[in-house]
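Inspection log for the structure reproduced underneath, given as structure tokens.
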Amino acid sequence: MNQFEKFSTAIPSIGIPKVDSPLQDLLVVTQNGELFNPSFTSDAESILVYDTPEYLESLAPGEKPLTFEMAGPRAKIYYDPTKIHCAIVTCGGLCPGTNDVIRALVLELHHFYKVRHIYGIRYGLQGFIPKYGHDMVDLTPEAVANIHSFGGTILSSSRGPQDVGEIVDALERLNIAILFAIGGDGTLKAVDRICDEITQRQLRISIIAIPKTIDNDIALVSRSFGFDTAVEVATEAIRSAHTEALGAPNGIGMVKLMGRYSGFITANATLALKDVNFVLIPESDFDIDGDYGLLACVRKRLTERGHAVILVAEGAGQKYFNKEDLPKDASGNVKPGDISDLLIRKIKDFFHENNIELNLKFIDPSYIIRSMPANYNDRIYCGYLGQNAVHAGMCGKTGMIVSLWHERYVHIPLKAAVGKHRQVQLDEPVWRSVLESTGQPPMKNPRTPEAGQGK
């Protein structure tokens, strides 16, 4: 997103909340033995989108700063909880913590709002389409009691577009009042289209999205669930690569991590275990060949230290691939070219041509990371996301995601986040710390007019 970009932060609603929240009965005992009800959050409570002095100084006289609506339980809700049906669907790739979010949604809906009809939609958005023949699952506290101990999603998942009209038809047939959708950027795009179809049909169905991406790259989401677990598991792969590199002459350990558009996992894993010498991410350009390119830098490193560890995000170095030749996934997204395969071939050829012994070991822990159960930190976070998603849905909000922003839980319109990606800012502390930890040079050759880059 551009600095201080302006956009609508208004959250759509399907009606005026008039029903007393059952959380009115949630009492707290003070140290003095007195009972009181924790305060509810109101729609008027908000948090600044941009909280820097530079932003506040940029506002015109009388201009109100951009704010996000605070998440949390409301005193009045829209639905009569005993008379509604809710559904949960998980889409896209696997991610640590998905089961924890499902569990938090079910427990909050059942125990605190007394919702008795909660359905799990199997295999992503396919589960709404009759031709696939997927059965629904009744989600009860008993059914989700232990699912947080397992990776993946008990509802299974799928990729690929489905007919929005058929999905909304299914929501009508099932009499679903609130749909909770857990997924990444592709899912958010689909959910946004579903919301538009619901609005066009003038239906009273609430859609609440919980953003899911290991890459931590969804716009306006400062941290996505599963990211903390991914970094933790990635450090074990780095530790193994470092051991392999030390175990042979001119040893190189290379690890590829997730990060199609951003290098958050790669950067943070580097900082968590400072055994990495070269970090390649989509945001930072680098050259492979030439006197100042990666190959020359790796050769210098091996000459001086005898070993090297290279950490590469899957989306790094895409300038070396023709986008038109790359395949697409089931959702229509262009898959990144295999940068690790290219680097391995380049490194081996370079050292062979220079008659230098080389021992290179490659590790790709991506599928291990994706399928791991969440660690304790992500589990706590998933609980907050699930609870706040239920609060939002029950009071009739729709077309929104639950997000953590400036350490507070907020409501963000789907349209503000769809199709945008967060990236590592090269002029901010995280990347600076990576450079300090690794000592890696720019790995860029001088620009020349012949390269078409100007004088």
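Annotations for the structure displayed:
- Positive minus negative residues near M394 (Lys, Arg vs Asp, Glu; Cβ under 13 Å): +3
- Using C-alpha pairs below 8 Å separated by at least 6 residues, the relative contact order for segment 41-136 is 25 percent.
- Ligands, DNA and RNA left out, the 1.4 Å accessible surface of segment 246-353 is 46% carbon and sulfur atoms.
- Counted charge near I369, where neighbours are those whose Cβ lies closer than 15 Å (Asp, Glu -1; Lys, Arg +1): -2
- Highest mean packing first, where packing is the average number of other Cβ atoms within 10 Å per residue, the peptides 221-229, 251-259 line up as 251-259, 221-229.
- Positive-end ranking of N354, L343, Y367 along the dipole of segment 331-372, with charges on Cβ about the Cα centre, is headed by Y367.
- Surface composition of segment 1-60: carbon plus sulfur atoms contribute 52% of the solvent-accessible area (1.4 Å probe, protein chains only, all chains present).
- Residue among S262, T243, I210 farthest towards the positive dipole end of segment 193-343, charges placed on Cβ: I210
- Probe 1.4 Å, accessible area per residue of segment 190-281, Å²: 31
- Bridgeable aspartates and glutamates around K319 (alpha carbons under 18 Å apart, same-chain partners fewer than 8 residues away excluded): E283, D285, D287, D289, D338, D341, E450.
- Peptides 435-443, 309-317 ordered by packing proxy, namely the average of other Cβ atoms within 10 Å per residue, highest first: 309-317, 435-443.
- Violating pairs (Cα-Cα greater than 19 angstrom) within the set K323/K348; K256/K335; K274/K444; K83/K189; K328/K415; K64/K420: K323/K348; K274/K444; K83/K189; K328/K415; K64/K420
- The Cβ shell under 12 Å around E244 holds other residues with a net charge of +1, Lys and Arg each +1, Asp and Glu each -1.
- Measuring between their Cα centroids, segment 182-224 and segment 100-134 lie 16 Å from each other.
- Magnitude of the charge dipole for the chain, about its Cα centre and with charges confined to Cβ atoms of Lys, Arg (+1) and Asp, Glu (-1), is about 480 debye.
- Relative to the longest principal axis of the Cα atoms of the chain, helix 339-353 runs at roughly 10 degrees.
- Between helix 185-200 and the chain: long-axis angle, C-alpha atoms, 0 to 90°, nearest 10: 30
- Peptides 295-307, 102-114 ranked from most to least packed give 102-114, 295-307, packing being the mean of other C-beta atoms within 10 angstrom over each peptide's residues.
- Sequence-ordered 3J(HN,Hα) estimates for segment 74-81 from the Karplus curve with 6.51, -1.76 and 1.60 and θ = phi - 60° stand at 9, 5, 10, 10, 8, 8, 7, x Hz, glycine and proline given as x.
- Ellipticity at 222 nm from helices only: DSSP H runs of n ≥ 4 in the chain, each -39500 (n - 2.57), divided by the residue count, give -9000 deg cm²/dmol.
- For V115, nonlocal amide neighbours, meaning residues 5 or more places apart or on other chains whose placed amide H falls under 5 Å from its own, are H110.
The values are calculated or read from the model by the stated rules, or taken from the named source; none is laboratory data. Not measured: the values here are computed from a predicted model. Because the Cβ atoms are built from the backbone with ideal geometry, glycine has one as well, and the counts that use them run over all protein chains shown. SASA here: full protein model, heavy atoms, side chains in, ligands and nucleic acids out. Shrake-Rupley method; radii C 1.70, N 1.55, O 1.52, S 1.80 Å.
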